[in-house]
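The values are calculated or read from the model by the stated rules, or taken from the named source; none is laboratory data. These numbers were taken from a predicted model, which means no experiment stands behind them. Please note: Cβ atoms are built from the backbone with ideal geometry, for glycine as well, and neighbour counts cover all protein chains shown.
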Amino acid sequence: MTYKALKDQIALVTGGGSGIGRAFTEALATAGVTVVIASRREDVLSHTALDLNLKLGAERVFPYAFDIRERREIDALVGHVIESHGDLDILVNNSGLAVPETVDQISEDGWDKVMDTNLRGMMQLVRATLPQMIANEFGDIVNISSQAGKHGYADVPSYCASKFGLLGFAEALRDHVRKAGANIRVFNFCPGLVDVENAAPEAAPRPGFIHVANLARTLMYALSLERNVVLEDISLYAS
Ligand SMILES: NC(=O)c1ccc[n+]([C@@H]2O[C@H](COP(=O)([O-])OP(=O)(O)OC[C@H]3O[C@@H](n4cnc5c(N)ncnc54)[C@H](OP(=O)(O)O)[C@@H]3O)[C@@H](O)[C@H]2O)c1
């Protein structure tokens, strides 16, 4: 089985400029991984890249503006990562949002926005990335589902449907890469409430929330396991 040290790996973290994605990016870059962070808000991405690169004293985080709902922009992003950095080893599907509309209020626009961002975009990123990972016989795909991917909540039915769907797609993907014998692992995070507003290392999370650093630590642990070991669905809740 192919093995590659983290310092030689290239990651793409969608939504890496803020919240959970930013914490993942910091942990990966601290371990020596080159990380491209991608989402719509160029100013947020540039600010995060600057901040983390200054902290690390090295240029390891690179911003790229794209909209996950646009197929052409997804293909361009994946092409850019491979051309600029030579590879794509870790794909973190983290971009996501919720539109709080109860079942009797769901609008077509709200439904499509959630599905296109959380599910369709993730599928297209996987599809664009997979040929490179299969050719390399190496890769890790990390999907951020939610506690709402395992339980239904009346205030966010479209979000629940997208996060349940993400887990179903990931399971089929896992079967696909296993059959291809491709040395590609697929991990899913299913967190409960994560306090992305109090992200400083010393900050106390709000009651009922967990500190975002726990997700970053878990990501690095999951990646550190031997190549034939997959920590499948990782559920993290406040006790
Ligand atoms: N925080 C929690 O309690 C919690 C719990 C369970 C699961 N999650 C999941 O964790 C992931 C990260 O959420 P977060 O809490 O860290 O909130 P967040 O900071 O709002 O992160 C969401 C990210 O998605 C990006 N995004 C949204 N629409 C996009 C689009 N059209 N194209 C590209 N990127 C887009 C946003 O960047 P731009 O606005 O720049 O595009 C943002 O960086 C989400 O998938 C969320 O569902 C969060």
Reported set for the stretch 139-156 where residues are closer than 19 Å to E232 by Cβ and not small (G, A, S) is D140, I141, V142, N143, I144, Q147, K150, H151
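Step by step: first the residues of the stretch 1-28, then only those that are of a type in the set (A, V, I, L, M, F, W, C) and within 19 Å of V196 (Cα to Cα), then the one that is nearest to the ligand (Cβ to nearest atom). Which residue is that?
Once the filter is applied, the top-ranked residue is I20.
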Of the residues in the stretch 62-81, those that are within 13 Å of the ligand (Cβ to nearest atom) and either under 21 Å from S18 (Cβ atoms) or β-branched (V, I, T) (or both) come to P63, Y64, A65, F66, D67, I68, R69, E70, E73, I74, L77
With the first residue restricted to the stretch 125-147 and required to be farther than 13 Å from A180 by Cβ and within 15 Å of the ligand (Cβ to nearest atom), and the second required to be among the small types (G, A, S) and in a helix (DSSP H, G or I), Cβ contacts under 7 Å at 6 or more apart or on different chains are N143/A170
> What do you reckon, is G79 at positive phi and either more than 16 Å from the chain's Cα centre (by Cα) or free of Cβ contacts under 8 Å to residues at least 12 places away in the same chain (or both)?
Replying inline: no
Quick check on A58: is it in a loop (DSSP other than H, G, I, E, B), more than 15 Å from the chain's Cα centre (by Cα) and either within 8 Å of the ligand (Cβ to nearest atom) or of a type outside the set (D, E) (or both)? yes
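Each row is one residue, and each column tells you yes or no for (1) within 16 Å of the chain's Cα centre (by Cα); (2) of a type in the set (S, T, N, Q).
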| position | (1), (2) |
| --- | --- |
| T102 | no, yes |
| S145 | yes, yes |
| G149 | yes, no |
| D155 | no, no |
| S162 | yes, yes |
| L166 | yes, no |
| I184 | yes, no |
| D195 | no, no |
Apart from one, (1) more than 12 Å from the ligand (Cβ to nearest atom); (2) closer than 27 Å to A29 by Cα; (3) surrounded by 15 or more Cβ atoms within 10 Å (Cβ to Cβ) all hold for W111; the odd one out is (2)
Conditions (1) within 15 Å of the ligand (Cβ to nearest atom); (2) touching a Gly at 6+ places or on another chain (Cβ under 6 Å) -> L97 fails only (2)
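Picking from D87, D104, which residue would you name as being farther than 25 Å from V196 by Cβ, away from the ligand (no atom under 16 Å from the Cβ) and part of a helix (DSSP H, G or I)?
On inspection, the qualifying residue turns out to be D104.
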If you go through S224, S145, S158, the only one that is modelled with pLDDT of 95 or more, out of contact with any Cys (no Cβ under 6 Å at 6 or more places or on another chain) and surrounded by 21 or more Cβ atoms within 10 Å (Cβ to Cβ) is S158
Out of (1) closer than 27 Å to E108 by Cβ; (2) assigned to a strand (DSSP E or B), the one V186 does not meet is (1)
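Each row is one residue, and each column tells you yes or no for (1) modelled with pLDDT under 95; (2) part of a loop (DSSP other than H, G, I, E, B); (3) among the basic types (K, R); (4) over 23 Å from V229 (Cα atoms).
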{"site": "K4", "(1), (2), (3), (4)": "no, yes, yes, no"}
{"site": "L12", "(1), (2), (3), (4)": "no, no, no, no"}
{"site": "G16", "(1), (2), (3), (4)": "no, yes, no, yes"}
{"site": "R22", "(1), (2), (3), (4)": "no, no, yes, yes"}
{"site": "E73", "(1), (2), (3), (4)": "no, no, no, yes"}
{"site": "A76", "(1), (2), (3), (4)": "no, no, no, yes"}
Filter the stretch 180-214 for residues that are within 13 Å of the ligand (Cβ to nearest atom) and loosely packed, with under 15 Cβ neighbours inside 10 Å; the one that is nearest to S235 (Cα to Cα) is G208
Those residues of the stretch 46-84 which are under 20 Å from D116 (Cβ atoms) and either of a type outside the set (D, E, K, R) or in contact with a His (Cβ under 9 Å, 6 or more places away or on another chain) (or both) amount to Y64, A65, F66, I68, I74, A76, L77, V78
